[in-house]
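Note sheet for the following structure.
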Amino acid sequence: MTLVVLGIVLVVLARELLPPAVSLLGGLTILVLARTIEPEVAFAGFSSEATIAVGALFVVARAIRDHVGIDAAMARFLGSSSSDRVVLVKLLLPTAAMSSVLANTPMVAALAPMVRTWAERHGRAASHFLIPLSFAAILGGLVTTIGTSTNLVVSGLIESAGQEPFDFFEVLPLGLPVAIVGVALTIPLAPRLLPDRRSPHEQVASADRDYSFRLRVLPDGPLVGRSIEDAGLRNLEDAFVVRIDRDGREIAPVTPITGLMADDVLTLVGSVDHVRDLADRPGLAIAESQAGLLEGAGHTLWEAVIRTGSSLVGRTLKEASFRGRYGGAVLAIHRAGHRLEGKLGAHPLHAGDALLVMADQDYEDRVRWSGDFSIIVPLTDGEAPRTHGRLVTAASVLGLVAVAATGLLPLLHSILAAVVVLLLTRTITVEQARRAIDLDILLIIAGAIGLGAAVAETGLATELATIVTALAGDSGLVVALLLIVLATMALTELVTNVAAAALMVPVAVDVAATIGADSRGLAVAVAIAASSSFLTPVGYQTNTIVYGLGGYRFGDWWRLGAPITLAVIVVTLVVVPAVWG
């Protein structure tokens, strides 16, 4: 029963038929209803130390984003370096180091827009830096237990198996050499293997007049006093009105009930030929000025990247009621390095799509916590981050690391203590802390831990371990380890890193018992393999973030990811037998 349900869950995850959290918790619910496992086993993930620790780290990450200003400091550090390799050294080494103690997903969300902007201002290809940024964050997260949620989940699963949870440096003997080799390979290979791709913003800025046009409402024409919908400008075949300029002010986004007045200047986006045909309609004429769409102070342009598991995936803008739901007009959709042509509202959205949105200045606060976007960035220079809490935030993070690393407090207690300090000093408010927590990720972790428990409790892990050891034969640990690592990496690219780790840890523990190996060593190998997502843009959240921002294509990941993945496998096969054999 567990094997069947697990197979269904994996298919649903791989084909993105449902959001990951719904898929995992749905599978657990079926197992509970079928009385395959007890509810307290299935839903133990909700009270797991791993789930609580990840939630608390989101709060710490929010304080860092608001008060420390890592992105601004990194921009100054990059300066105007002479070569791509020098830039990569300056970018990747600090990123990997910070990722070892900071949650890598929010860090990449802060750094990626800065890197893209820096590259554009210095005439560099952002595509040479964004995938390496993601890879460095992933590699750095492998060094300590708090570097990535996957390590924390594996620690929780090991504890559930009756062993001590991971200490702060449990994964260091394998994670550090993997990180060093991975970063060392990325720096020389990235400029050679990654193509030049223009980011969505660059494409829009350079081709603005190719698909935007301005029309003026004639004072004596039949459209004066009519709404956009009544004027026949609502459901155009291949264009839509995104802005109205009226008496020196701008109206954006434009709704169907917005009324037209004499001398209004309408900005339309879409097929140029179709837009120009509209100039022949009674009441409309070509405006005298065809100034760029990206100009003007009455609105803000935002770039929003759709996250894996978003409720927008598989739906069109019209089906999702994007304007009404988020209060912004989508000007362009970029996918795999190309701007989608035709009527934007007819395209089903995909994870990693970058949307160019025209909205007011409150757009980010309004939609950031919807769970639908992995990143939302303005395309204009924003305000500097608040710095009044910089000292407290830095002290809290350093204290967290010091206390956890020295063993003065258990890992979870150290993280919670840092959160308490941030709240008591009002560095972050309770409301900000609540909104910082990504509930979707916590549900995924809880669901994955439950499925991992089901694999262990029902004996499925033992059966799978028997198959692995039979395939390994007399070769023992090395072949068994290779099979576990390959299976974990494949699951990571198909489903999620957390789910892959949760499913493979029970198998690894049983394999270790069968062949007489150290189960903690195999568990660490699973944690490293589950986070080593370098082959697709959807296996790990940081990859999805840079996918849309960098204008990448799906196959770009293989160019650099294949040699990095091979290096991870080789290092794992050498280090695990040497350290835990």
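The values are calculated or read from the model by the stated rules, or taken from the named source; none is laboratory data. Owing to the predicted nature of the structure, the values given are computational and were not obtained by experimental measurement. Neighbour counts run over all protein chains shown; Cβ positions are idealised from the backbone, glycine included. Just the protein is used for accessible areas: all its heavy atoms, side chains included, with ligands, DNA and RNA removed. Shrake-Rupley method; radii C 1.70, N 1.55, O 1.52, S 1.80 Å.
Any idea of the accessible area per residue across the chain, 1.4 Å probe, to the nearest Å²?
Details: 22970 Å² over 581 residues.
Each residue of the chain exposes 40 Å² on average to a 1.4 Å probe.
How much mean residue ellipticity at 222 nm does the chain get from its helices, if each DSSP H run of length 4 or more adds -39500 (n - 2.57) and you divide by all residues, to the nearest 500 deg cm²/dmol?
Numbers: 25 runs with 320 residues, N = 581.
Helix-only estimate at 222 nm: -17500 deg cm²/dmol.
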> Hey, rough spin-label estimate for VAL4 and ARG121, points 7 angstrom out along Cα→Cβ, what's it come to in nanometres?
Replying inline: 6.0
> Stokes-Einstein at 4 °C, 1.567 mPa s, Kirkwood radius from Cα pairs: D for segment 430-581 in µm² s⁻¹?
Replying inline: 79
>> In segment 81-208, if the dipole is taken from +1 on Lys/Arg beta carbons and -1 on Asp/Glu beta carbons about the Cα centre, which of ILE187, GLY156, ALA110 is farthest to the positive end?
In response: ILE187
> Helix 556-580 versus the longest principal axis of the chain: what is the Cα-based angle in degrees, 0 to 90, to the nearest 10?
Replying inline: 20
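Round to a whole number: what % of the accessible area of segment 413-506 belongs to carbon and sulfur, probe 1.4 Å?
Values: 2610 of 3850 Å².
Looking at segment 413-506 in its full context, I get 68 percent from C and S.
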>> Apply the Karplus curve 6.51 cos²θ - 1.76 cosθ + 1.60, θ = phi - 60°, to the phi angles in segment 461-470 and return the couplings in whole Hz, x for Gly and Pro.
In response: 4, 5, 5, 5, 5, 4, 5, 4, 5, 5
>> Using the Cα centre of segment 453-581 as origin and beta-carbon charges of +1 (Lys, Arg) and -1 (Asp, Glu), tell me which of VAL570, LEU494, GLY551 is placed farthest towards the positive end of the dipole.
In response: GLY551
>> Can you tell me what percent of all Cα-Cα pairs in segment 1-81 are more than 15 Å apart?
In response: 71
>> Check which residues have an amide H placed less than 5 Å from ARG243's amide H, if you skip close sequence neighbours.
In response: THR267
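Where does the charge balance sit around GLN541 when Lys and Arg score +1, Asp and Glu -1, over other residues with C-beta under 10 Å from its C-beta? The partial results should precede the final answer.
Values: positive: ARG307; negative: ASP438.
So the surrounding residues net to 0.
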> Taking amide hydrogens as modeled 1.01 Å from N in the peptide plane, which residues meet the under 5 Å criterion relative to ARG216, leaving out close sequence neighbours?
Replying inline: LEU266, ALA285, ILE286, ALA287
>> Show me the ranking of peptides 178-188, 553-563 by mean Cβ neighbours inside 10 Å, starting with the highest.
In response: 178-188, 553-563
> Can you list residues whose amide H is under 5 Å from ALA332's amide H, if they're 5+ apart or on another chain and H is modeled 1.01 Å from N?
Replying inline: LEU356
> Over the Cα atoms of segment 55-180, what is the Rg over Rh ratio if Rh follows Kirkwood?
Replying inline: 1.04
> Sorted by average packing, counted as other Cβ atoms within 10 angstrom per residue and highest first, what order do 141-151, 447-457 take?
Replying inline: 141-151, 447-457
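Stokes-Einstein diffusion coefficient for the chain at 10 °C in a medium of 1.306 mPa s, Rh from the Kirkwood formula over Cα pairs: what value in µm²/s?
On the way: Rh = 25.2 Å.
Reported coefficient: 63 µm²/s.
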> Taking θ as phi - 60°, what are the ³J(HN,Hα) couplings along segment 89-95 by the Karplus curve (6.51, -1.76, 1.60), each to the nearest whole Hz, with x for Gly and Pro?
Replying inline: 4, 5, 8, 6, 5, x, 4
> Can you give the angle from 0 to 90° between the axis of helix 497-515 and the longest principal axis of the chain, with both taken from C-alpha atoms, to the nearest 10?
Replying inline: 10
> Relative contact order of the chain: what whole-number percent is it, with Cα pairs under 8 angstrom and at least 6 residues apart?
Replying inline: 22
> Under the definition of Cα pairs under 8 Å and six or more residues apart, what whole-number percent is the relative contact order of segment 105-166?
Replying inline: 19
>> If you fit an axis through the alpha-carbon atoms of helix 477-494 and take the longest principal axis of the Cα set of the chain, what angle between them do you get, 0 to 90°, nearest 10?
In response: 20
>> Which of rounded, prolate or oblate describes segment 521-581 when judged by the alpha-carbon gyration tensor and an a/c cut-off of 1.5?
In response: prolate
>> Whole-Hz ³J(HN,Hα) for each residue in segment 157-168, computed from phi via Karplus 6.51 cos²θ - 1.76 cosθ + 1.60 with θ = phi - 60°, x for glycine and proline: what do you get?
In response: 5, 5, 5, 5, 7, x, 10, 5, x, 4, 8, 4
> Taking the highest mean first, how do the peptides 106-115, 564-573, 507-516 order by number of other beta carbon atoms within 10 angstrom per residue?
Replying inline: 106-115, 507-516, 564-573
> What's the center-to-center distance, using Cα atoms, between segment 441-487 and segment 393-424 in Å?
Replying inline: 33
